[in-house]
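Here is the structure we will look at, set down as structure tokens.
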Amino acid sequence: MNKKVISVGLIGYGTVGRGVVKILEENQKIAFRKVGKPIKIKSICDLKPIDKTELYVNNFKSIIKDPEIDLIVELIGGYEPARTIILEALKAGKNVVTANKAVLAKYWDQIFTAAQNCQKSIYYEASVGGVIPVVQGLSEGLASEEILEIKGILNGTTNFILTEMTQNGVSYQDALKSAQNAGFAEADPSFDVNGIDTANKLAILSSLAWGGWVKVKDISTKGISDLKIDDVLIAKKFGYDIKLIGSAQKTKDGLDLSVQPCLVHHDNAFATVEKEYNAVMITGKDSGDVLFYGKGAGQQPAASAVVSDIINLSKFIVTNTAGIVPDVIYDKRKKIKILPSGRSKSPYYLRFKVSDKPGVLAKISGILGKYKVSIASLSQPNADDSEAQIVIITHDTLKENFEKALKQIDATKSIVKSKTVKIKIEN
Ligand code: HSE
């Protein structure tokens, strides 16, 4: 390539976009050393009015059409027009960098089919785990591996909230507000707290690992918005923290996919992951466990990952080889078998609110036994005169059996006073 400069068009000038401009400017020398040419942002636009920089253009279409631009960075987030921008950019012969997990998870098939057809590259490291190089780790570092399992704390906002609640006794609402002020949360924070953001990221890693398209709708997803401080505190006494865990496990009957709050024992590596940090454990057949850890949210970590993508992709742009070999092998004929969520097995934490009367415990254990739910331990914290709480830790249980048992228990008003709390225990 005879061009003197790699020209970048930036679409999206919010928190991460501004960070990208700053880091690229400050780290010009580092980028030059790696690429052998300077990398310059030629044009910037956003959907909202912005404090205009000299690079400002008022329409993303003019950036896509600009023949001088080699690489388009999409940082506007959401589904549309992000999807259109990515597809149009590829069609126009541009390579793309994006941090947009929602659009990738939802349109994985369209986007990577288009990239293959157009022989262009899409890099998306910042879409999962902020600055953690987990996409590169999975696609390159572990390229030879048969992946058996991916498990992780993939959302900085929820991890920040849970850390604040557990360690500092901060209320859920106040912790969420701090996460928003720090720039960790999504524009609509319900995506964070309802587990959707984690499911998007898990879908991306799983699609990459297993070479098909794992859809968000196939991931049984529960967030942290219903979590009670009582359970956080009881769990702590039992030696556990509660973490929002995304998990994809290969089983002989299909992929076992879930996002849910889990009790994680203090000895487990995930228990040490605090605040906006994320961690992902990838288990390969030959590699065994490989743990990735780092800041999962925030302007600088996300922008750093985007700039690393720009630099890495520029190396291929310079040699005119970007996208010749697809970065993501997406074969639409490959169907990924999904394990029905009821067939998933694990131990559970159960908290029953019951009347403090003789025979209640016998009834609960009787129903659990009928559905083959085996009790590992039992305690009765914070009992008062009229009401009692029973906390049960089960052995490994088939989810569908366990759901049936709880349905029967919760329907029996002579046993329980409110809906039973159930939280998976991470092995
Ligand atoms: N809202 C996301 C999080 C941002 O909290 O992890 C990074 O993807």
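The values are calculated or read from the model by the stated rules, or taken from the named source; none is laboratory data. Because the structure is a prediction, the values reported are computed rather than measured. Reconstructed Cβ throughout: ideal geometry from the backbone, glycine too, with neighbour counts over all protein chains shown.
Points to keep in mind about this one:
- The set of residues from the stretch 97-124 being more than 17 Å from A302 (Cβ to Cβ) and among the aromatic types (F, W, Y) comprises Y107, W108, F112.
- Screening S178 on (1) surrounded by 19 or more Cβ atoms within 10 Å (Cβ to Cβ); (2) among the hydroxyl-bearing types (S, T, Y); (3) within 14 Å of the ligand (Cβ to nearest atom) shows it passes everything except condition (1).
- Scanning the stretch 194-203 for residues that are among the β-branched types (V, I, T) and crowded, with 24+ Cβ neighbours inside 10 Å yields a total of 1.
- Some residue of the stretch 228-243 being of a type in the set (A, V, I, L, M) and either assigned to a loop (DSSP other than H, G, I, E, B) or within 16 Å of the ligand (Cβ to nearest atom) (or both): no
- Search result, residues across the stretch 254-295 that are free of Cβ contacts under 8 Å to residues at least 12 places away in the same chain and either within 16 Å of the ligand (Cβ to nearest atom) or at positive phi (or both): G288
- Output for the stretch 320-352, where each listed residue is among the β-branched types (V, I, T) and farther than 30 Å from I423 by Cβ: T321, I324, V325, V328, I329
- Matching residues, the stretch 135-165, being outside the structural domain of G284 (by TED's automatic domain parsing) and within 15 Å of the ligand (Cβ to nearest atom): V135
Per-residue answers, yes or no, for (1) within 29 Å of T166 (Cα to Cα); (2) part of a loop (DSSP other than H, G, I, E, B); (3) not polar (S, T, N, Q):
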| residue | (1), (2), (3) |
| --- | --- |
| T198 | yes, no, no |
| S206 | no, no, no |
| A209 | no, no, yes |
| G212 | no, yes, yes |
| K217 | no, no, yes |
| G223 | yes, yes, yes |
| D226 | yes, yes, yes |
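Results for (1) outside the structural domain of Q119 (by TED's automatic domain parsing); (2) within 15 Å of the chain's Cα centre (by Cα); (3) assigned to a loop (DSSP other than H, G, I, E, B), shown as yes or no for each residue.
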site: L263; (1), (2), (3): yes, no, no
site: D267; (1), (2), (3): yes, no, yes
site: A279; (1), (2), (3): yes, yes, no
site: I282; (1), (2), (3): yes, yes, no
site: A303; (1), (2), (3): no, no, no
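- Of the residues making up the stretch 330-367, those that are within 16 Å of L398 (Cα to Cα) and hydroxyl-bearing (S, T, Y) are S341, S344, S346, Y348, Y349.
- Flag for D327 being at pLDDT below 95 and surrounded by 18 or more Cβ atoms within 10 Å (Cβ to Cβ): yes
- The residue that is nearest to the ligand (Cβ to nearest atom), counting only those in the stretch 181-193 that are of a type outside the set (G, A, S) and surrounded by fewer than 16 Cβ atoms within 10 Å (Cβ to Cβ), is D188.
- Where I364 falls short, out of the listed (1) under 18 Å from C262 (Cα atoms); (2) crowded, with 17+ Cβ neighbours inside 10 Å: (1)
- Residues that are within 18 Å of the chain's Cα centre (by Cα) and within 25 Å of I310 (Cβ to Cβ) were ranked within the stretch 136-151; the one that is surrounded by the most Cβ atoms within 10 Å (Cβ to Cβ) is L138.
- Residue selected from the stretch 106-133 under the condition within 12 Å of the ligand (Cβ to nearest atom) and crowded, with 24+ Cβ neighbours inside 10 Å, by the criterion nearest to K65 (Cα to Cα): Y124
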